[in-house]
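Participant: Once you've had a glance at the structure underneath, I'll fire off some questions.
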């Protein structure tokens, strides 16, 4: 797991710590922390965190992120293979569900090495400065059986934008399989510039 | 070196030659006739010259041009009628004598230029007009010597005309060989003998210069001096030109002879890393001029600046404290004229405007290669292989600059220039070790590949096939066009695109390239 990825895993801790601090403050105001409330906090932490850790492990999906873009009338297929997701998704509890993903743009592959290198550069992903792409769910709504629409915040090159991603879920036992497809305008994220031959639209397929 | 000092070191023949223009023309027209056409821009302003050129790859040594005041104090060029130069075996009976009976005729009257067409026509005249009669490259005795043509494999027209130089008649009996017209380096004699103005020239200029130096019996010192004026860049890492000079007369002459047709060691570039002579047809749409993109080309003024600078005021540039012809700043600004080819006079702004209009008007000849099934499949390969990203239709260039290996793009350049931030890995010599080097190579347009060559910035490959031949990446490769004088083999590195295609696909790709 790379360090960057820790952000996501640690995020729940972050908010919990804030909550703890507030409690301490509260106790400070009220005198001192008694044993019972300490126990309460620990129990809370236990019950809050442990199930979360169990259900929301991050993992590296087998399938790379795929994208397609038209260049001079030809569709170029590309992959981003190094990525991780953390899923806590229950179709019955959409409001509590979350999906987060983080990808390493350095792992981009388009079949031409020099092109990949160029995509790393500052005109595209500028990986020296922006080492990850992230996708974080904001909300979900159902769109029929096993079909959903998620509102996500997509961050590329430091630019954050909300996008809507329709996706499907197929569940066998405990195994969940997600598949989503969406289109972005690369110019929204400062990926390259307007071009006569390279389309602005990039189609992205994510499966895990 | 002080100007007096280097003047004193020059061989007498060259020294004598320097007086010729005075004898020939008197001093050029001194009073600038003011031009009626108010649209003619004043191009050499201190403000505009400040950041028109890109910095040198070694920015401390970026060119500092002469001042606006200096520039506009130079007399304007007078344009005399010129006459064609024939191979001695083809010269019409009595031509030489006839030439000597002609009077000087001034053929360009700027006050008569009114319409766009007038300018274009005047521009063509200027394109063919030599700015030098000092013998800057070759002189009368060379072109009247049959050996000159065999030694240089000089292309000729079917009439036996050598189209790269002209006779200038500056008065009755004053017939001088004119050098350094644009036509000298930017005209191509096609396979069928026709002339294509503006195309990648095929004048074997450096071979011709070697012939001249050799047959004139120029001394080692003289050859070192002139080569130093043209190419020295002592501030470049490893000082390759200093080493060449130190290697002596024979090595220097060999280096000149190694430069093939279709490339030319223009001043400020190199015979060690010679620039391909560019195709001027279509130059209007290019955003950068020179292989390294030294001159920005944002409008016609920039083109005019480029022409003026390169004909040949860049000899007066300072690169740090270094001046190529050994001037000091005091000497430069002393008010005394400097008698070096191309530096004692200038084109008027109207002349530059006409020249620029003319080269903008150049159009390509009709392409005999029609689209075919093969070329159509090549077109798809061109897209699949990602060629389109850099060689983007319709110009077949994205008009960007690619940094060469070892050049770190300064952050500020991303905002100022059009940078495609990846090296294609070709030879860095020209752009890292010459006075014109910027650290970049521009992405060239692929239009008109069918009527030109050799290819790449250093003209190292004779054929398109060679570009996609992976054998060229190995050290035992013999470059098919430019090969440095001091090696037997050399890898032609970089631009490794389309190399992994199978033979059939390569054929298709090339068939497509030839239709552009």
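Participant: Exactly one condition in (1) buried (at least 21 other Cβ atoms within 10 Å of the Cβ); (2) closer than 30 Å to residue B:239 by Cβ; (3) at pLDDT below 95 is false for residue B:389; which is it?
Facilitator: (2)
Participant: Just wondering, is there one or more residues in the range A:177-185 that are modelled with pLDDT under 95, part of a strand (DSSP E or B), in the same structural domain as residue A:64 (by TED's automatic domain parsing) and over 28 Å from residue A:108 (Cα atoms)?
Facilitator: Scanning the range A:177-185, I find no residue that is modelled with pLDDT under 95, part of a strand (DSSP E or B), in the same structural domain as residue A:64 (by TED's automatic domain parsing) and over 28 Å from residue A:108 (Cα atoms), so the answer is no.
Participant: Now, a different point. Starting from residues that are assigned to a loop (DSSP other than H, G, I, E, B) and in contact with a strand residue (DSSP E or B) (Cβ under 6 Å, 6 or more places away or on another chain), keep the ones in the range B:292-329 and report whichever is nearest to residue B:137 (Cα to Cα). If you could, list the steps in order and put the result at the bottom.
Facilitator: Residues of the range B:292-329 that are assigned to a loop (DSSP other than H, G, I, E, B), as a first pass: B:292-294, B:297-299, B:311-312, B:317, B:320-321, B:323-328.
Applying the additional criterion that residues be in contact with a strand residue (DSSP E or B) (Cβ under 6 Å, 6 or more places away or on another chain) yields B:292-294, B:297, B:317.
Numbers: B:292: 24, B:293: 26, B:294: 24, B:297: 28, B:317: 21 Å.
Going through the qualifying residues, I end up with B:317.
Participant: Can I ask one more? Out of the residues in the range B:337-357 that are under 17 Å from the mean Cα position of the chain (by Cα) and in a helix (DSSP H, G or I), state the one that is farthest from residue B:283 (Cα to Cα).
Facilitator: My answer is B:352.
Participant: Related question: Quick one: is residue B:92 at pLDDT 95 or above, farther than 30 Å from residue B:335 by Cβ and in a loop (DSSP other than H, G, I, E, B)?
Facilitator: For residue B:92, the condition - at pLDDT 95 or above, farther than 30 Å from residue B:335 by Cβ and in a loop (DSSP other than H, G, I, E, B) - is met.
Participant: Which count do you get for residues in the range B:413-430 that are within 12 Å of chain A (Cβ to nearest Cβ) and farther than 17 Å from residue A:118 by Cβ?
Facilitator: Looking only at that region, the number is 1.
Participant: Out of the range A:104-134, which residues are within 29 Å of residue A:175 (Cα to Cα) and touching a residue at least 60 places away in the same chain (Cβ under 8 Å)?
Facilitator: The answer is A:104, A:132, A:134.
Participant: State whether the residues of the range B:215-228 include one that is farther than 30 Å from residue B:127 by Cβ, outside any helix (DSSP H, G or I) and in contact with a strand residue (DSSP E or B) (Cβ under 8 Å, 6 or more places away or on another chain).
Facilitator: no
Participant: For residues in the range B:371-412 being away from every other protein chain (no Cβ under 11 Å) and outside any loop (DSSP other than H, G, I, E, B), which is farthest from the chain's Cα centre (by Cα)?
Facilitator: Looking at residues that are away from every other protein chain (no Cβ under 11 Å) and outside any loop (DSSP other than H, G, I, E, B), I get B:373.
Participant: Then there's this: What strands (runs of 3 or more DSSP E) completely inside the range A:50-154 contain at least 3 residues that are modelled with pLDDT of 90 or more and away from every other protein chain (no Cβ under 14 Å)?
Facilitator: Per the criteria, A:65-71, A:83-88, A:98-103, A:133-142.
Participant: Now, a different point. Among the candidates A:136, A:123, A:128, single out the residue that is out of contact with any helix residue (DSSP H, G or I) (no Cβ under 6 Å at 6 or more places or on another chain), crowded, with 17+ Cβ neighbours inside 10 Å and farther than 24 Å from residue B:383 by Cα.
Facilitator: A:136
Participant: For residue A:197, state whether it is more than 14 Å from chain B (Cβ to nearest Cβ), in contact (Cβ under 8 Å) with a residue 60 or more places away in the chain and either in contact with a strand residue (DSSP E or B) (Cβ under 8 Å, 6 or more places away or on another chain) or closer than 16 Å to residue A:90 by Cβ (or both).
Facilitator: no
Participant: Something else: In the list B:295, B:282, which residue meets the criterion of being under 27 Å from residue B:447 (Cβ atoms), in contact with a helix residue (DSSP H, G or I) (Cβ under 6 Å, 6 or more places away or on another chain), in the same structural domain as residue B:152 (by TED's automatic domain parsing) and touching a residue at least 24 places away in the same chain (Cβ under 8 Å)?
Facilitator: Result of the check over B:295, B:282: B:295.
Participant: What's the number of the condition residue A:192 fails, among (1) more than 14 Å from every other protein chain (Cβ to nearest Cβ); (2) surrounded by 14 or more Cβ atoms within 10 Å (Cβ to Cβ); (3) over 20 Å from the mean Cα position of the chain (by Cα)?
Facilitator: The single condition residue A:192 does not satisfy is (1).
Participant: Would you mention how many residues in the range B:137-170 are on the phi > 0 side of the Ramachandran plot and in contact with a strand residue (DSSP E or B) (Cβ under 9 Å, 6 or more places away or on another chain)? Before the answer, list the steps.
Facilitator: Step one: of the range B:137-170, the residues on the phi > 0 side of the Ramachandran plot are B:153, B:160.
Those still in the list that are in contact with a strand residue (DSSP E or B) (Cβ under 9 Å, 6 or more places away or on another chain) too: B:160.
Total satisfying the criteria: 1.
Participant: Do any helices (runs of 4 or more DSSP H) entirely within the range B:113-192 hold 3 or more residues that are closer than 29 Å to residue B:290 by Cβ, and if so, which?
Facilitator: B:116-127, B:182-186
Participant: Which members of the range B:491-501 meet the condition of being away from chain A (no Cβ under 14 Å) and farther than 23 Å from residue B:442 by Cβ?
Facilitator: Listed by number, the list is empty, since nothing qualifies.
Participant: From the list B:38, B:57, which residue is more than 23 Å from residue B:183 (Cα to Cα), buried (at least 16 other Cβ atoms within 10 Å of the Cβ) and either in contact with a helix residue (DSSP H, G or I) (Cβ under 6 Å, 6 or more places away or on another chain) or modelled with pLDDT under 95 (or both)?
Facilitator: B:57
Participant: Taking residue B:448 as the residue in question, decide whether it is crowded, with 21+ Cβ neighbours inside 10 Å, away from chain A (no Cβ under 14 Å) and either under 25 Å from residue B:367 (Cα atoms) or at pLDDT 95 or above (or both). I'd like the intermediate steps shown before the answer.
Facilitator: Details: crowded, with 21+ Cβ neighbours inside 10 Å: no; away from chain A (no Cβ under 14 Å): yes; either under 25 Å from residue B:367 (Cα atoms) or at pLDDT 95 or above (or both): yes.
It is false that residue B:448 is crowded, with 21+ Cβ neighbours inside 10 Å, away from chain A (no Cβ under 14 Å) and either under 25 Å from residue B:367 (Cα atoms) or at pLDDT 95 or above (or both).
Participant: Restricting to the range B:174-212, what's the tally of residues that are without any contact (Cβ under 8 Å) to a residue 60 or more places away in the chain and surrounded by fewer than 22 Cβ atoms within 10 Å (Cβ to Cβ)?
Facilitator: Residues flagged as without any contact (Cβ under 8 Å) to a residue 60 or more places away in the chain and surrounded by fewer than 22 Cβ atoms within 10 Å (Cβ to Cβ) within the range B:174-212 amount to 6.
Participant: Conditions first: (1) over 16 Å from the mean Cα position of the chain (by Cα); (2) surrounded by fewer than 22 Cβ atoms within 10 Å (Cβ to Cβ); (3) more than 24 Å from residue B:66 (Cβ to Cβ). Residue B:283 passes all but one, so which condition is the exception?
Facilitator: Unmet for residue B:283, out of (1) over 16 Å from the mean Cα position of the chain (by Cα); (2) surrounded by fewer than 22 Cβ atoms within 10 Å (Cβ to Cβ); (3) more than 24 Å from residue B:66 (Cβ to Cβ): (1).
The values are calculated or read from the model by the stated rules, or taken from the named source; none is laboratory data. Everything quoted here is computed from the prediction, not taken from an experiment. Counting neighbours? That spans all protein chains shown, and the Cβs are built from the backbone with ideal geometry, glycine included.
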